[in-house]
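The values are calculated or read from the model by the stated rules, or taken from the named source; none is laboratory data. Please read all numbers here as calculations on a predicted model, not as lab measurements. Please note: Cβ atoms are built from the backbone with ideal geometry, for glycine as well, and neighbour counts cover all protein chains shown.
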Amino acid sequence: MINASDIKELRAKTGAGIQDCQKALASCDGDMEKAVAYLREKGIASVAKKASRIAGEGVVGSYIHMGGKIGVLVEINCETDFVAKSEEFNNLVKDVAMQIAAAKPEFVRIEEVPQENVEKEKEILIAQAENEGKPKNIAEKMVEGRIKKYYKDVCLMEQEFVKDPSKTISDLITEATLKIGEKISIRRFTRYEMGEGLEKRNDDFAKEVMDQVNAK
């Protein structure tokens with residue numbers, strides 16, 4: 001079983017993210033040195049080294065869903081104006097904006113989720129598990145897995161990429177960083193949904209967005 005102290009140690013050694021460290025340790029049966037090598041081979045450790053660099057350039061990209069039902073603005077940063085103007089970088093920005101329109105995240109990354117939101121979600125999940133007849137100790141363990149699902153729902157970086165569910169948005173940014181050779185960071189986004197908060201029919205916007213992508 002992978003414990004928090006092992007994840008913390010691996011993060012300290014490589015600078016990689018929590019989810020990447022957890023995946024590396026699980027893939028290497030908890031062997032710390034193999035996990036370090038795993039991350040280096042995958043290039044994640046290399047990307048982490050760029051994290052301290054300043055990404056002061058970039059663009060604010062947009063995506064408007066067909067018919068004007070959803071609008072997204074997203075700021076993605078890079079290190080140089082040259083990269084910011086490149087077709088590859090701007091295609092990445094468009095993909096991320098479309099992801100936000102389709103998957104409706106609330107935060108960019110896990111660290112941005114307010115602790116009170118997490119605690120409230122845990123209370124709801126524990127109550128649900130207990131209502132299913134599970135003992136409290138079992139319910140608490142079940143909640144750990146369900147919290148991960150919660151993060152995937154609300155955190156952009158944890159979500160499966162709508163155009164390729166085999167990778168997350170975190171994977172997408174890692175791949176782009178390795179390919180472009182500069183630090184790339186999603187800074188912030190705003191998502192508007194027409195009539196949000198008003199009573200209206202329940203449209204499956206994610207499906208509509210993907211239907212539009214597949215039609216191109």
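Residue-by-condition table, conditions (1) within 19 Å of Gln19 (Cβ to Cβ); (2) assigned by TED's automatic domain parsing to the domain that holds Met194; (3) in contact (Cβ under 8 Å) with a residue 40 or more places away in the chain:
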{"site": "Glu75", "(1), (2), (3)": "no, yes, yes"}
{"site": "Leu92", "(1), (2), (3)": "no, yes, yes"}
{"site": "Val96", "(1), (2), (3)": "yes, yes, yes"}
{"site": "Ile126", "(1), (2), (3)": "no, no, no"}
{"site": "Lys136", "(1), (2), (3)": "no, no, no"}
{"site": "Ile147", "(1), (2), (3)": "yes, no, no"}
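Just one of the listed residues (Lys23, Lys8, Lys104, Lys69) is out of contact with any Ser or Thr (no Cβ under 7 Å at 6 or more places or on another chain), touching a residue at least 40 places away in the same chain (Cβ under 8 Å) and either among the acidic types (Asp, Glu) or within 20 Å of Tyr151 (Cβ to Cβ) (or both), and it is Lys104.
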